[in-house]
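Q: Dumping the structure here so I can ask a few things about it.
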Amino acid sequence: MARLAILYEHPHWFKPLFAELNRQGIAYEEWHAEALSYDLEEREFPDLVLNRMSPSALFRGHGHGQFAVRDLLSFLESRKVAVVNGAQAYEYEISKVRQLELFRRCGVKTPKTRVLNHASLAAKAAEGMSFPVLVKPNCGGAGSGIQRFDSLGDLAAGAGSLELGCDHTALVQEHIPSRDGSCYRVEVLDGQVLYCVRIQRDGQGYNLCPADVCESAAKPVFMRCEPLPEAANAAVAVARRGGMDVCGVEYIIDHRTGEPVFYDLNALSNFVANADQVLGFNPYKLFVEYLSRRLWGLGRVYR
């Protein structure tokens, strides 16, 4: 019997995934990324590993899993284990700097950004930038640690409160003005656009996590929409070039130019809550069917 392993850290985000796996009768084992132990002499492995480790783990007290997972993925791939969103994808998941470089290699626009590794450098890094600016941990997710500053003076005064995250690196990034405050998330699965949603913030904060268990002061509202054609093409190109089997690619339409500006890449890819109502279909069903095809492609019986 073939083995499917799910590598994850968040205790609630993936309940819909587990429920769909159970519904389709696909056996799986759970690997908890916040409590890993494995043998470098191991010779028996799962046939397929699904990586769902979150870059926001530090903010739940699980930061010790971040880099352990990176080493585990490299170890698995060196043993020829098939991994969904493997080592290459994970390198982008845990580094916003690398995400921006990937966007640029794909020829899309990104916000003006500077990088620092000490909070005392924030004001200097922002000199000459247009305000407001956002300061973001390089390794973070679900809006964790993001702060907005409306002036250089505010940034200098607030530098002591900055969160640099588990790799002690942060980005100072110009805020992109949109006409209505909306941003867009294009979900890509297996090289194709699965869906796109418009995200409208109805409160404060930057946690735009779409999972049904996420609680956010931003109170995001998700509405299905068609992405800009150039944004859809860019999202597929980013996923392909970044080695991501499934991912969410986010952009804002700059109201000054009408062009999409790409700012975030999420290989964790939580699907939107209440998907049947928002999208008209269940993306977890399609995702599990994709996993089953991968398992069949390995020439194994898994039921």
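Q: Sort 155-161, 134-140 by the packing proxy (mean of other Cβ within 10 Å over each peptide's residues), most packed first.
A: Packing order, densest peptide first, comes out as 134-140, 155-161.
Q: Another question, if that's okay. Out of the trypsin sites (Lys or Arg not before Pro) in the range 90-141, which ones are loop residues according to DSSP with at most 16 other C-beta atoms within 10 Å? Mind showing how you got there, number by number?
A: Working: sites: Lys96, Arg98, Arg104, Arg105, Lys109, Lys112, Arg114, Lys124; in loops: Lys112.
Answer by residue number: Lys112.
Q: For a quick check: with amide H placed at 1.01 Å from N, whose amide H comes under 5 Å from Asp254's, ignoring anything fewer than 5 positions away on the same chain?
A: Answer set, sorted by chain and number: Glu259, Val261.
Q: Return the percentage of antiparallel bridges among DSSP beta bridges fully within the range 1-159, rounded to the nearest 5 %.
A: If we restrict to bridges inside the range 1-159, about 20 percent are antiparallel.
Q: I need two numbers for the range 113-174: Rg to one decimal and Dmax as a whole number, Cα atoms only, in Å.
A: 10.1, 29
Q: What residues from the range 72-95 fall in the zone where the backbone N is under 19 Å from a label point 7 Å along the Cα-to-C-beta line of Arg293?
A: Within reach of a label on Arg293: 82-86.
Q: Once the dipole of the chain is set up with Lys and Arg at +1 and Asp and Glu at -1 on Cβ about the Cα centre, which of Leu291, Tyr28, Trp13 lies farthest towards its positive end?
A: Farthest towards the positive pole: Leu291.
Q: Just flag the trypsin sites (Lys or Arg not before Pro) in the range 31-64 sitting in loop per DSSP whose Cβ has no more than 11 other Cβ atoms within 10 Å.
A: Arg43
Q: Give me a comma-separated list of calculated 3J(HN,Hα) values for the range 267-283, in order, Karplus coefficients 6.51, -1.76, 1.60 applied at θ = phi - 60°, integers in Hz, x for any Gly or Pro.
A: Karplus-based 3J(HN,Hα) across the range 267-283 equals 7, 5, 6, 5, 7, 5, 5, 6, 4, 4, 7, 6, 9, x, 7, 9, x Hz.
Q: Only four residue types carry charge here, +1 at the Cβ of Lys and Arg and -1 at the Cβ of Asp and Glu. Report the dipole size of the range 114-199 about the Cα centre in Debye, rounded to the nearest 20.
A: On the way: 7 positive and 9 negative charges, 19 e Å.
Once rounded to the nearest 20, the dipole reads 100 debye.
Q: I'd like the distance separating the alpha-carbon centroids of the range 21-60 and the range 107-130, in whole Å.
A: Going from one Cα centre to the other spans 36 Å.
Q: Could you check the simple spin-label distance between Glu42 and Gln192, using points 7 Å along Cα→Cβ, in nm with one decimal?
A: The answer from the label model is 3.3 nm.
Q: Quick one: angle between helix 229-241 and the longest Cα principal axis of the chain, in degrees between 0 and 90, rounded to 10, please.
A: 60
Q: Each residue of the range 132-139 in turn: what ³J(HN,Hα) in whole Hz from Karplus with 6.51, -1.76, 1.60 and θ = phi - 60°, glycine and Pro shown as x?
A: Couplings: x, 10, 10, 10, 10, x, 4, 10 Hz.
Q: Please identify the chymotrypsin sites (Phe, Trp or Tyr not before Pro) of the range 1-52 that satisfy two criteria: DSSP loop assignment and at most 11 other Cβ atoms within 10 Å. Which are they?
A: Of the chymotrypsin sites (Phe, Trp or Tyr not before Pro), not one in the loops of the range 1-52 has a Cβ with at most 11 other Cβ atoms within 10 Å.
Q: Something else now. Taking every DSSP beta bridge that has both residues in the chain, what percent is antiparallel when rounded to the nearest 5?
A: On the way: 36 of 49 bridges.
The antiparallel proportion sits near 75 percent.
Q: Rounded to the nearest 0.05, what FRET efficiency do Phe75 and His32 have when you use their Cβ-Cβ distance and R0 = 22 Å?
A: 0.85
Q: Compute the separation of the alpha-carbon centres of the range 239-278 and the range 72-98 and state it in Å as a whole number.
A: Using only Cα atoms to place each centre, the spacing works out to 20 Å.
Q: What number, rounded to the nearest 500 deg cm²/dmol, is the helix-based mean residue ellipticity at 222 nm of the chain, given -39500 (n - 2.57) per DSSP H run of at least four residues and division by all its residues?
A: Taking each H run of at least 4 residues, the total per residue is -7500 deg cm²/dmol.
Q: Using θ = phi - 60° and the Karplus relation 6.51 cos²θ - 1.76 cosθ + 1.60, list the HN-Hα couplings for the range 95-109 in order, rounded to whole Hz, with x at every Gly or Pro.
A: Running phi through 6.51 cos²θ - 1.76 cosθ + 1.60 with θ = phi - 60° gives 8, 5, 4, 5, 4, 5, 5, 5, 4, 5, 5, 8, x, 10, 7 Hz.
Q: Please give the charge dipole size of the chain, origin at the Cα centre, charges +1 on K and R Cβ atoms and -1 on D and E Cβ atoms. Round to the nearest 20 debye.
A: With Lys and Arg at +1 and Asp and Glu at -1, about 500 debye.
Q: Additional query: Once Rh is set to the Kirkwood radius over Cα pairs, what Stokes-Einstein translational diffusion coefficient, in µm²/s, holds for the chain at a temperature of 10 °C and a viscosity of 1.306 mPa s?
A: 79
The numbers here are math on the coordinates, done by the rules we state, and not lab data. Everything numeric in this text was worked out from a predicted model, so none of it was measured. Virtual Cβ from ideal backbone geometry, glycine too; neighbours counted across all protein chains shown.
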